[in-house]
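The values are calculated or read from the model by the stated rules, or taken from the named source; none is laboratory data. Keep in mind the model is a prediction, meaning the values are calculated, not measured. Positions of Cβ are generated from backbone atoms using ideal geometry, with glycine treated the same way; all protein chains shown enter the neighbour counts. Remember, those area values only see protein heavy atoms, side chains included, never the ligands or the DNA or RNA. Shrake-Rupley method; radii C 1.70, N 1.55, O 1.52, S 1.80 Å.
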Amino acid sequence: MDAGSGLSGESVPTVTGSVSPLAQGPEEVLRYRSPLVSRYASREMAFNFSDSKKFQTWRRLWLYLAQAQRSLGLPVSEEQIQEMEANLENIDFKMAAEEEKRLRHDVMAHVHTFAHCCPRAAPIIHLGATSCYVGDNTDLIVLRDGFDLLLPKLARVINRLADFAKQYADLPTLGFTHYQPAQLTTVGKRACLWLQDLCMDLRNLERARNELRFRGVKGTTGTQASFLQLFEGDHDKVEELDRLVTSMAGFKRAYIVTGQTYSRKVDVEVLSVLASLGATVHKICTDIRLLANLKELEEPFEKEQIGSSAMPYKRNPMRCERCCSLARHLMTLIMNPLQTASVQWFERTLDDSANRRVSLAEAFLTADIVLSTLQNVSEGLVVYPKVIERRIRQELPFMATENVIMAMVKSGGNRQDCHERIRVLSQQAAAVVKQEGGDNDLISRIRSDPYFAPIHGQLEQLLDPKSFIGRAPQQVVKFLKEEAIPLLTPYQNKMDVKIELDL
C-alpha cells in the first residue's frame with residue numbers, strides 16, 4: 001500500500017493489511033474516545049466534566065467577580081454586567097481553539113473569546129484575577145457537583161441492598177472463611193457486611209463533599225495583592241470581595257490561605273474516598289461472582305442476553321465483572337494526586353495541570369459507572385434457596401457434630417467416647433465425599449449406630465440450619481434500623497430512580 005498523508009501534513013506509513021489512519025467514516029469513529037464516556041458513564045456525569053460546563057463556569061466566575069467588584073465601588077457598569085450575563089452560553093469554541101493555538105494559553109484564549117462577544121465588558125473581564133481564579137474555582141465546583149451526582153446513586157445502592165438484606169435476613173446459608181465451608185450465616189447478614197462498607201463510603205463522600213471550600217479571589221500567589229491595589233489598600237473590601245464571590249458560587253467558605261492554586265492535598269482527599277469506594281464495590285462484586293459460580297446467587301440476566309459466543313449455556317456475571325474491572329482502575333487513580341501534591345514547588349508549578357485533567361475526571365466518571373452498574377445489579381439479584389439448602393445439607397453434618405456430642409452427654413453418655421465414635425464416622429463419611437464423589441452420609445451412619453440411639457429422635461432438631469445462624473437475623477434488623485436506613489433520609493426524594501444499562 002502507498003504511504004498515506006498524515007493529518008499533521010507528515011507522511012504516515014501504513015502496514016500492509018493494517019487499517020489506514022485515514023480510513024473513512026464519521027469523525028467519532030476515527031479518533032480514540034474514552035469508553036468511560038462513549039460506553040459507560042451517565043449523561044449527567046459526562047456533562048459535569050464537559051468543555052461546555054467548564055467554560056460556561058469560567059464565564060459565570062468572571063461575571064461573579066465583576067458583580068462583586070461593582071457592588072464594592074469599582075468602575076464596572078450595569079451595562080457591562082448585562083452584556084456578560086447575556087453571553088454566558090454564547091461560546092465560540094472554534095474561535096477559542098484558534099486563540100489558544102496562537103497564544104498557547106487556555107485562559108487568555110477564553111478571555112479574548114468572551115471579550116469578542118462582550119465588547120463593552122472587555123476592559124473589565126478577569127480584572128485583577130489570575131488563571132487559577134477560573135481554573136481552580138471551576139475544578140472545585142465540578143468536584144462538588146460530581147459528589148452531588150454520586151451521593152444519591154450510592155444511597156440508592158444502599159437502599160436496594162437494605163431491602164435485599166431484610167428479605168433474606170433469616171435465610172441460612174453456608175459461611176466461608178478462607179473460601180472454605182464455615183459456620184452458617186444468613187443471606188441477609190452477608191449483605192449487611194456489604195452494606196456496612198457502603199455506609200462508610202457514604203459518610204466519607206459526604207464528608208469530602210462538605211469539606212470542599214472555594215479557592216476564592218486570591219491573586220497570583222495567593223496574597224490578594226492585585227485586589228488590594230484595586231481597592232487602594234482597603235483590606236475589608238478585599239475580604240468582602242472574596243466572601244461575595246464565594247457565596248455567589250454556592251460555597252459557604254473559602255480557603256483562607258492558598259498559593260496560586262488551592263492545596264493539591266484537596267485532590268488527594270477527594271480521590272481517596274473514591275478509591276475506597278472502589279475497594280468496596282470490588283469486594284461486593286467479587287462475592288457475587290463467587291456465589292454465581294456456586295449457583296446460589298446471580299446478577300440480573302436478560303432474556304436475550306448471551307453469556308458466551310462459544311458456549312450458549314453460560315450465564316456470565318458480566319455486570320459484576322465490569323464493576324471489578326473499573327473498580328481496579330478507580331483504586332489506582334489515587335496515586336496521581338498523591339504524587340502531584342508531593343511535587344508542587346512553593347506557590348505553584350504547572351506539572352499538575354495535564355495530570356489533573358485526566359485523573360480527576362476519570363475518578364468521578366469511573367465511580368459513576370460502578371455505582372450505576374451496582375445499582376442495576378442490586379435491583380435484580382436472584383437467590384436460589386434450594387441450591388443453598390443442598391450445599392448446607394452437604395456440609396452441615398460435620399458442623400453438627402459438636403451439637404451431637406452435647407446431646408449425647410446430656411443423655412448420660414461419655415464425652416470422650418462419643419468424640420471418638422464421631423471422629424471415626426466422620427472420616428468414613430469424608431472418604432465417601434472425597435474419594436467416591438458421594439453425598440455426605442454422616443447422619444445416616446449416626447442413625448445406624450446403636451450407640452447413638454438415645455438421641456436418634458433429636459437428630460432432625462439438631463440439624464435444623466436455623467439453629468446454627470446465631471443472632472444473624474437480629475443483627476440484620478438492628479443494623480438496618482440503627483445505621484443503614486437513617487443515612488438515607490437526605491436522599492428520600494431520589495430513591496425511585498431505576499437504572500437501565502445500555503450495555
All but one of (1) under 29 Å from Q224 (Cβ atoms); (2) touching a residue at least 12 places away in the same chain (Cβ under 8 Å); (3) in contact with a Ser or Thr (Cβ under 9 Å, 6 or more places away or on another chain) hold for R70, so report the exception by its number. (2)
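Here's the yes/no breakdown for (1) within 16 Å of V134 (Cα to Cα); (2) out of contact with any Phe, Trp or Tyr (no Cβ under 6 Å at 6 or more places or on another chain); (3) open to solvent by less than 60 Å² (accessible area, probe 1.4 Å):
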position: E44; (1), (2), (3): no, yes, no
position: S50; (1), (2), (3): yes, yes, yes
position: L72; (1), (2), (3): no, yes, yes
position: P75; (1), (2), (3): no, yes, no
For the subset of the stretch 337-354 comprising residues that are part of a helix (DSSP H, G or I) and touching a Lys or Arg at 6+ places or on another chain (Cβ under 8 Å), which member is most open to solvent (accessible area, probe 1.4 Å)? A341
Mind telling me which of the residues K166, K101, K153 ends up being touching a Ser or Thr at 6+ places or on another chain (Cβ under 7 Å) and either at pLDDT 95 or above or not hydrophobic (A, V, I, L, M, F, W, C) (or both)? K153
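Yes/no per residue for (1) over 30 Å from P473 (Cβ atoms); (2) of a type in the set (G, A, S); (3) open to solvent by less than 10 Å² (accessible area, probe 1.4 Å):
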{"position": "E78", "(1), (2), (3)": "yes, no, no"}
{"position": "D92", "(1), (2), (3)": "yes, no, no"}
{"position": "I125", "(1), (2), (3)": "yes, no, no"}
{"position": "D136", "(1), (2), (3)": "yes, no, yes"}
{"position": "A165", "(1), (2), (3)": "no, yes, yes"}
Within the stretch 224-259, track down each residue that is among the polar types (S, T, N, Q), surrounded by 15 or more Cβ atoms within 10 Å (Cβ to Cβ) and over 30 Å from the mean Cα position of the chain (by Cα). Q224, S226
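Matching residues to (1) within 30 Å of L161 (Cα to Cα); (2) touching a Phe, Trp or Tyr at 6+ places or on another chain (Cβ under 9 Å); (3) not charged (D, E, K, R):
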{"position": "L212", "(1), (2), (3)": "yes, yes, yes"}
{"position": "K218", "(1), (2), (3)": "no, yes, no"}
{"position": "D236", "(1), (2), (3)": "no, no, no"}
{"position": "D242", "(1), (2), (3)": "no, yes, no"}
{"position": "V245", "(1), (2), (3)": "no, yes, yes"}
{"position": "F251", "(1), (2), (3)": "no, yes, yes"}
{"position": "Y262", "(1), (2), (3)": "no, yes, yes"}
{"position": "V266", "(1), (2), (3)": "no, yes, yes"}
{"position": "L274", "(1), (2), (3)": "yes, yes, yes"}
The listed residue being among the hydrophobic types (A, V, I, L, M, F, W, C), more than 24 Å from P385 (Cβ to Cβ) and in contact with a strand residue (DSSP E or B) (Cβ under 7 Å, 6 or more places away or on another chain), out of L198, L184, L154, L140: L140
Single condition G219 does not satisfy, out of (1) out of contact with any Asp or Glu (no Cβ under 7 Å at 6 or more places or on another chain); (2) open to solvent by 10 Å² or more (accessible area, probe 1.4 Å): (2)
With respect to M399, is the statement that it is in contact (Cβ under 8 Å) with a residue 60 or more places away in the chain and in contact with a Phe, Trp or Tyr (Cβ under 8 Å, 6 or more places away or on another chain) true? yes
One residue from I388, I405, I392 being touching a helix residue (DSSP H, G or I) at 6+ places or on another chain (Cβ under 8 Å), of a type in the set (V, I, T), farther than 20 Å from T186 by Cα and open to solvent by less than 50 Å² (accessible area, probe 1.4 Å): I405
So R390, is it under 30 Å from A165 (Cβ atoms), part of a helix (DSSP H, G or I), among the basic types (K, R) and free of Cβ contacts under 8 Å to residues at least 24 places away in the same chain: yes
Just give me the residues in the stretch 246-268 being among the charged types (D, E, K, R) and in contact with a Leu (Cβ under 7 Å, 6 or more places away or on another chain), in sequence order. D267
Please name all residue pairs, on different chains or six or more residues apart, with Cβ atoms under 7 Å, provided the first residue is in the stretch 335-348 and is in contact (Cβ under 8 Å) with a residue 60 or more places away in the chain and the second residue is open to solvent by 100 Å² or more (accessible area, probe 1.4 Å) and assigned to a helix (DSSP H, G or I). A341/K265
Which count do you get for residues in the stretch 101-123 that are assigned to a loop (DSSP other than H, G, I, E, B), open to solvent by 20 Å² or more (accessible area, probe 1.4 Å) and within 27 Å of E232 (Cβ to Cβ)? 1
Given (1) open to solvent by 20 Å² or more (accessible area, probe 1.4 Å); (2) touching a residue at least 60 places away in the same chain (Cβ under 8 Å); (3) not in a loop (DSSP other than H, G, I, E, B), D170 misses just (3)
